[in-house]
1. What do you reckon, is Glu55 under 22 Å from Leu14 (Cβ atoms), surrounded by 13 or more Cβ atoms within 10 Å (Cβ to Cβ) and modelled with pLDDT of 85 or more?
2. Restricting to the stretch 27-38, what's the tally of residues that are buried (at least 16 other Cβ atoms within 10 Å of the Cβ) and modelled with pLDDT of 85 or more?
3. Out of the residues in the stretch 96-110 that are buried (at least 17 other Cβ atoms within 10 Å of the Cβ) and of a type in the set (Gly, Ala, Ser), which is farthest from Leu121 (Cα to Cα)?
4. Looking at (1) assigned to a helix (DSSP H, G or I); (2) modelled with pLDDT of 75 or more, which one does Arg88 not meet, given that it meets all the others?
5. Looking at the structure I just gave you, is Leu121 under 30 Å from Leu59 (Cβ atoms), touching a helix residue (DSSP H, G or I) at 6+ places or on another chain (Cβ under 9 Å), surrounded by 15 or more Cβ atoms within 10 Å (Cβ to Cβ) and modelled with pLDDT under 85?
6. So, in the stretch 58-95, of the ones that are touching a Pro at 6+ places or on another chain (Cβ under 8 Å) and closer than 28 Å to Gly120 by Cβ, which residue ends up surrounded by the most Cβ atoms within 10 Å (Cβ to Cβ)?
7. Can you name every residue in the stretch 43-98 that is among the acidic types (Asp, Glu) and under 27 Å from Arg109 (Cβ atoms)?
Amino acid sequence: AGGTGPAGPVDGELRARYLESAVYACLAEPSGIRELVRHPDVRWALAEVRVGLAEAGMLRYPLRLGPTAAARRRLRVLRTAFPVPANRRGLSDRDRLLAVALHGEAALRVLVPRFALRAGLTDRVRITEKDMLRHWPRGGSGGAGHTYCGGGGCGGGGSE
């Protein structure tokens with residue numbers, strides 16, 4: 001059983017909806033994870049989720065807050081059973097949500113890279129090796145390719 005809310009018992013599904021709603025409301029503007037978890041609505045929803053996890057034996061009570069060994073084992077099994085998807089094509093919304101819940105930033109980078117970057121949920125990837133940079137073919141006239149007109153006007157018209 002769960003805790004009691006204003007209208008009665010609160011189950012895990014309702015707690016998850018509280019958290020989803022709070023996070024969604026906060027993402028109206030880009031914000032970092034630190035700002036997000038400091039928001040009062042998100043903090044309250046996270047506390048509700050923690051209560052449910054503690055009641056289910058998946059989280060220790062406040063004196064030793066953190067996942068139990070059983071929870072870590074279960075998470076390891078789930079991550080193995082549902083690895084990070086290689087791409088976003090063909091995945092249902094439920095599969096996408098599961099991937100993000102299990103793998104966090106790694107799944108966000110694959111499934112919704114632009115959104116995650118713009119919302120401040122992931123950091124920019126830094127390229128450290130020169131081999132990874134794209135080298136575009138250049139023409140012989142100062143970087144102009146075959147479609148570049150060369151400046152100074154295309155199509156002739158001499159000065160005599």
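The values are calculated or read from the model by the stated rules, or taken from the named source; none is laboratory data. From a predicted model like this one, the values you see are computed outputs, not experimental measurements. FYI the Cβ positions are ideal-geometry reconstructions off the backbone, even for glycines, and counts take in every protein chain you see.
1. no
2. The total comes to 0.
3. Checked the stretch 96-110; the qualifying residue farthest from Leu121 (Cα to Cα) is Ala99.
4. The one condition Arg88 does not meet is (1).
5. Numbers: under 30 Å from Leu59 (Cβ atoms): yes; touching a helix residue (DSSP H, G or I) at 6+ places or on another chain (Cβ under 9 Å): yes; surrounded by 15 or more Cβ atoms within 10 Å (Cβ to Cβ): yes; modelled with pLDDT under 85: yes.
Taking the combined requirement at face value, the residue satisfies it.
6. Leu59
7. Keep residues of the stretch 43-98 that are among the acidic types (Asp, Glu), which gives 48, 55, 93, 95.
Matches in the stretch 43-98: Asp93, Asp95.
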